[in-house]
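A short worksheet on the structure shown next.
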Amino acid sequence: MSEILEPTGDVARWQSLVAEAEKHAGVRLDEELESYLVFTLMRWLRRPDMASRILALDFLESFHQQARRRSESLRDVGDQCLLYSGLFPERAERRRVRVSYYVDLGRSAYHSLADGLNELARLFERLAEEFVSAMDILQAIRSVGGQPVGLTPLQAHDLWTDTGSRSARAELARHTTAEPLSGNPRLRH
């Protein structure tokens, strides 16, 4: 029975990395969201086809699909946006969009998914609400691994201004001691 309850080696390593990143980022997800993040990492980081997707098109096309396929497509869009914004923010610059583009698209995908489901609706609604915290944890994974977060100072400012990302604010502080002003009133001190 304990074999069922014990995580496999890969799961345990990802859980450990996510837990370390949570400490580093000063953000804590509950067990359900943390588990979802771990399994998302395991599911997508072995798929090289992820980089070839046009997520906005996938998002729009999902609304023309049957309910089950629509749910899968929306989940895939949300998951990939979370990974891009957290682990691969430099991808936004190459695509000439802000990192917050992926945040907004991912949140929209999770919100749409929550609207169409019964038993999993609350999970995806919470993922939409906690998207920025999960993104910050993924960015902390890069830092824990010794890599820079991957944001330029301008991207960090834009992401902090657009989303309130703690990770983006910390990255911005690495580049300047000035206190930036946010155009978002909820972020002003």
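None of the figures in this text is laboratory data; all of them are computed from the coordinates on show. These numbers were taken from a predicted model, which means no experiment stands behind them. Glycine gets a Cβ as well: all are built from the backbone with ideal geometry, and neighbour counts include every protein chain shown.
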Next item on the list: Compare the peptides 9-17, 96-104, 147-155 by average per-residue count of other Cβ atoms within 10 angstrom and give them in order, highest first.
Entry: 96-104, 147-155, 9-17
Item checked: the chain: calculated mean residue ellipticity at 222 nm from DSSP helix runs of at least 4, using -39500 (n - 2.57) -> -21500 deg cm²/dmol
Checklist line | Spin-label model distance (nm) - ASP115 vs PHE39, 7 Å beyond Cα toward Cβ | finding: 2.5
Item checked: Potential lengthening between HIS175 and GLU72 on full extension [0.36 nm per residue; Cα-Cα distance subtracted] -> 33.1 nm
Next item on the list: Could you tell me which of ALA114, ALA25, LEU151 has its Cα farthest along the dipole of the chain towards the positive end, charges placed at Cβ (Lys, Arg +1; Asp, Glu -1), taken about the Cα centre?
Entry: LEU151
Check: So if we plug the beta-carbon distance of VAL11 and GLU61 into 1/(1 + (r/R0)^6) with R0 = 35 Å, what FRET efficiency do we get, rounded to 0.05?
Finding: 0.65
